[in-house]
Amino acid sequence: MKPDDRMDAGFYGKVRTHGDFVRRGLSAGFVAQWDAWLQRGLVAARARYADNWLCRYLAMPVWCFAVRRGVIAEEAHTGVLMPGIDAVGRYFPFVIARPVDGDACVSASSWHTDAAALALSTLKPAFSLTELEASLTGLRAQLSGTASRAADSVWWSDVGEVVHHDGPFDAALFLRLLDAD
């Protein structure tokens, strides 16, 4: 891959065409923290909602997020998170994320809209991991930032929900995202 062809964003999670986790372009540190958080969240969701957890999980909106540096990785990150499923029916969220400069609060942008559309494409019958990678390489729109942030991470969805969270990612944060209407 030539330097000009590198992905500015990466992905991690479950997609319908593969029987295991897929990962490209995200640091090992990011993935380890992200995976541990989501594992805790899924355990908490199953405990809280028992037989109804899957309905809630599958109805969860696509969440856009901005996370300060040091919370989930050394760098600040922004991206999108959605429910994922693999080829054998195991459920685990799918994320597209990218590091951002400094600690700026990234607000909603065309990048998030495009990243959400790419994430949702993982559910289509004709989905191709190779095409996803190629599309991410082309996803280079500038992100906008503001001078301050109300929390360590900010989450927003197309249903109008906004969630502010301080501190490390925990099961309570995942449950808040799952409970959004």
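Listed by first and then second residue, the pairs with beta-carbon distance under 7 Å, at least 6 apart or on different chains, first residue in the range 75-101 and closer than 15 Å to residue 38 by Cβ and in contact (Cβ under 8 Å) with a residue 60 or more places away in the chain, second aromatic (Phe, Trp, Tyr) and in a loop (DSSP other than H, G, I, E, B), are 84/92. Within the range 112-124, at least one residue is surrounded by fewer than 16 Cβ atoms within 10 Å (Cβ to Cβ), more than 25 Å from residue 153 (Cβ to Cβ), at pLDDT below 95 and out of contact with any strand residue (DSSP E or B) (no Cβ under 9 Å at 6 or more places or on another chain).
Would you confirm, using the coordinates I've provided, whether residue 84 is of a type outside the set (Phe, Trp, Tyr) and exposed (fewer than 14 other Cβ atoms within 10 Å of the Cβ)? Outline the logic, then answer.
On the way: of a type outside the set (Phe, Trp, Tyr): yes; exposed (fewer than 14 other Cβ atoms within 10 Å of the Cβ): no.
No, not satisfied.
Residues being of a type in the set (A, V, I, L, M, F, W, C), over 19 Å from residue 30 (Cβ atoms), at pLDDT 90 or above and touching a His at 6+ places or on another chain (Cβ under 9 Å) are represented in the range 81-101 by at least one member.
Residue 32 meets the conditions (1) under 27 Å from residue 125 (Cβ atoms); (2) at pLDDT 95 or above; (3) among the hydrophobic types (A, V, I, L, M, F, W, C) in every case but one. The failed one is (1). Scanning the range 137-181 for residues that are touching a helix residue (DSSP H, G or I) at 6+ places or on another chain (Cβ under 6 Å), part of a loop (DSSP other than H, G, I, E, B) and modelled with pLDDT of 75 or more yields a total of 2.
The values are calculated or read from the model by the stated rules, or taken from the named source; none is laboratory data. This is a predicted model, so every value here is computed, not measured. Backbone-built Cβ (ideal geometry, glycine too); neighbour counts: all protein chains shown.
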